[in-house]
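The values are calculated or read from the model by the stated rules, or taken from the named source; none is laboratory data. Source: prediction; values computed, not measured. Cβ placement follows ideal geometry from the backbone for every residue including glycine, while neighbour counts extend to all protein chains displayed.
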Amino acid sequence: MRLAGRIDLLTRPWVWSYLGALLVWLAAIAFTHGYGAGGMLTAALALAVFCVITGVAQMFVITLGPGNVDLSLPANIGLASAVAMKVMHGSDSLIAAGLLAALGSGIGIGIGNYLLIRLLRIPPIIATLSASFIIQSTGISYGRGLQIKPPPGFAAFTTAQTAGIPLLAIGTAVFTVGAGILLHRTIFGRSVLAIGQNPRAAWLAGIAVERVRCATYVLSGALGGISGALLAGYFRGSSLEIGDEYLLASIACVVIGGTSVSGGKANVPGLWGAALFLVLLLTMLNTFGVSAGIRLLVTGFVIIAVIIAAGGQKPLR
């Protein structure tokens, strides 16, 4: 029984992301002869936070079924970073107001995405891509010449550590536990899974399909807004390009983490393994002096490999 349990565990794609992260970390340590091993892991945890948050946002959307993906996340993050910094205006007393403004910006984008999908009857991938151009244009007008640093207290919080573990990583770990509960233990989460498995069957079962879809895109938008504010604090300022790398990273985390691209099946713990694997892989490639183009190419091949490996695991329809 114990051996069968171990074999079953190793057949789960998301388990390999943790093993991959460990192997990449060990390879990087071997290359640097052990120098900075602890610091590398701390930095990886800090950067993995943003991959996990955006990964959770993308995971809920992708779980809705084929064709559902939020391509507006990078533009959402960029605009929210500018909104948050402008509202905070470098004052610790305005941190809460800035976070609420970023959250409101993200929620508005989530609602806009759903309305494009619902009212115009266009595929989500086209709707969210179109929305990203509108958001980018808004961000350019709103954030042009914006050079406001985050409040000292907010910047310190985003980089604070305890026993070598970033506080943001601890907070995000708690957040992912909550996301897992939301997904598997609430009516909303189970409705998302049911819609991803078979939308018509979910509707016949009495699930308010469109209401759940709307809430899912709003959730994704809200998490994108919060990510923008946190990234601006971590990198000491806003930028319209600050979220660009999180389109590929969020999708990669979802796929590598064990969520089915066919919908109806999601895995929250796998997001952490996937995020650490990606961050450590990119860190190692940077250490080797690999160009940005090659790093993106490697990430793309990793995603393809995982999809092929998990190709036989499709949700019941």
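Of the numbered criteria (1) of a type in the set (A, V, I, L, M); (2) at pLDDT 95 or above; (3) exposed (fewer than 14 other Cβ atoms within 10 Å of the Cβ); (4) closer than 30 Å to Gly264 by Cβ, the one Val56 fails is (3). The single condition among (1) outside any helix (DSSP H, G or I); (2) under 21 Å from the mean Cα position of the chain (by Cα) that Gly189 does not meet is (1).
Among the residues of segment 210-229, not a single one is within 11 Å of the chain's Cα centre (by Cα) and among the acidic types (Asp, Glu).
Among the residues of segment 239-251, what is the count of those that are surrounded by fewer than 24 Cβ atoms within 10 Å (Cβ to Cβ) and out of contact with any Pro (no Cβ under 7 Å at 6 or more places or on another chain)? Steps first, please.
Let us first name the residues in segment 239-251 that are surrounded by fewer than 24 Cβ atoms within 10 Å (Cβ to Cβ), namely 239-242, 244-245, 247-248, 251.
Next cut, out of contact with any Pro (no Cβ under 7 Å at 6 or more places or on another chain) only: 239-242, 245, 248, 251.
Residues flagged as surrounded by fewer than 24 Cβ atoms within 10 Å (Cβ to Cβ) and out of contact with any Pro (no Cβ under 7 Å at 6 or more places or on another chain) within segment 239-251 amount to 7.
Residues of segment 245-260 that are over 11 Å from the mean Cα position of the chain (by Cα) and among the β-branched types (Val, Ile, Thr): Val255, Ile256, Thr259.
Yes/no per residue for (1) touching a residue at least 24 places away in the same chain (Cβ under 8 Å); (2) β-branched (Val, Ile, Thr):
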{"residue": "Gly164", "(1), (2)": "yes, no"}
{"residue": "Ala173", "(1), (2)": "yes, no"}
{"residue": "Gly196", "(1), (2)": "yes, no"}
{"residue": "Arg200", "(1), (2)": "no, no"}
{"residue": "Leu204", "(1), (2)": "no, no"}
{"residue": "Val212", "(1), (2)": "yes, yes"}
{"residue": "Arg236", "(1), (2)": "yes, no"}
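Rundown of residues vs (1) surrounded by 24 or more Cβ atoms within 10 Å (Cβ to Cβ); (2) at pLDDT below 85; (3) in a helix (DSSP H, G or I); (4) in contact with an Asp or Glu (Cβ under 8 Å, 6 or more places away or on another chain), yes/no style:
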| position | (1), (2), (3), (4) |
| --- | --- |
| Ala229 | yes, no, yes, no |
| Ala232 | yes, no, yes, no |
| Gly237 | no, no, no, no |
| Gly270 | yes, no, yes, no |
| Leu278 | yes, no, yes, no |
| Leu285 | no, yes, yes, no |
| Val298 | no, yes, yes, no |
